[in-house]
Amino acid sequence: MSIHLHLRAVAQSEIRDDHTWLAAFMSRAWDNHPDEVAAGIADSINKVWNSVNDLYAVADALDADADADADPDAGADKPWTLPIYGGRPVPHSADADPSDPPMMILEPPGVARAADFLATVSFDELWNAAGAKPGGWDEAQARLEFLNHHRDLRGFYGRAASAGHAVVKVVWA
């Protein structure tokens with residue numbers, strides 16, 4: 001079974017804050033995913049997005065080491081939380097298809113913070129500090145896959161932030 005986290009950049013003014021509309025929009029975007037990836041307005045991560053998020057979470061520990069006065073309650077506002085799970089949920093409407101997946105919208109300021117984080121964080125520092133690698137993987141293979149996800153996300157969020165776009169996120173199974 002294939003499962004993907006699908007990210008799509010879109011102008012804030014073009015988004016309807018309606019789950020049914022947004023599900024149809026994201027479904028059409030998924031149908032055109034290869035073209036949208038080539039255009040730089042979409043990205044996706046197959047199955048391992050939670051592990052990518054875990055890798056970015058290491059930045060919190062690195063920041064805490066660098067800043068002994070870090071606020072432990074500020075985790076939700078930390079930029080490392082934004083690339084994968086950042087954003088606000090779009091609630092299902094009463095007439096929404098119950099099979100429609102959950103979606104989130106990361107507003108342009110959050111997109112800019114995510115882009116800044118991805119542009120400045122050191123993948124090598126994160127990888128080295130993370131220690132444990134995904135089970136059953138060859139370390140070199142795992143590192144290359146995660147580095148490629150990081151590069152793709154860095155480029156995607158950088159373009160979205162430069163355009164002042166929001167990012168819509170959905171998980172397709």
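Couple of notes before you dig in:
- Residue within region 132-144 that is in contact with a Leu (Cβ under 7 Å, 6 or more places away or on another chain) and either of a type outside the set (Phe, Trp, Tyr) or buried (at least 17 other Cβ atoms within 10 Å of the Cβ) (or both) present: no
- Among the residues of region 74-104, those identified as among the hydrophobic types (A, V, I, L, M, F, W, C) and surrounded by 21 or more Cβ atoms within 10 Å (Cβ to Cβ) are TRP80, LEU82, ILE84, VAL90, MET103.
- Candidate set: region 12-61, residues that are in a loop (DSSP other than H, G, I, E, B), closer than 30 Å to ASP124 by Cβ and not charged (D, E, K, R); chosen: the one nearest to the chain's Cα centre (by Cα): VAL48
- Candidates in region 114-131 are the residues that are touching a Leu at 6+ places or on another chain (Cβ under 8 Å) and more than 11 Å from ALA160 (Cα to Cα); of these, the one that is surrounded by the fewest Cβ atoms within 10 Å (Cβ to Cβ) is GLU125.
- For region 111-150, taking the residues that are over 14 Å from ASN53 (Cα atoms) and among the basic types (Lys, Arg), the one that is modelled with the highest pLDDT is identified as ARG113.
The values are calculated or read from the model by the stated rules, or taken from the named source; none is laboratory data. The structure presented is a predicted model; accordingly, all values stated were derived computationally and were not measured. All Cβ positions, glycine included, derive from the backbone under ideal geometry; neighbour counts span all protein chains shown.
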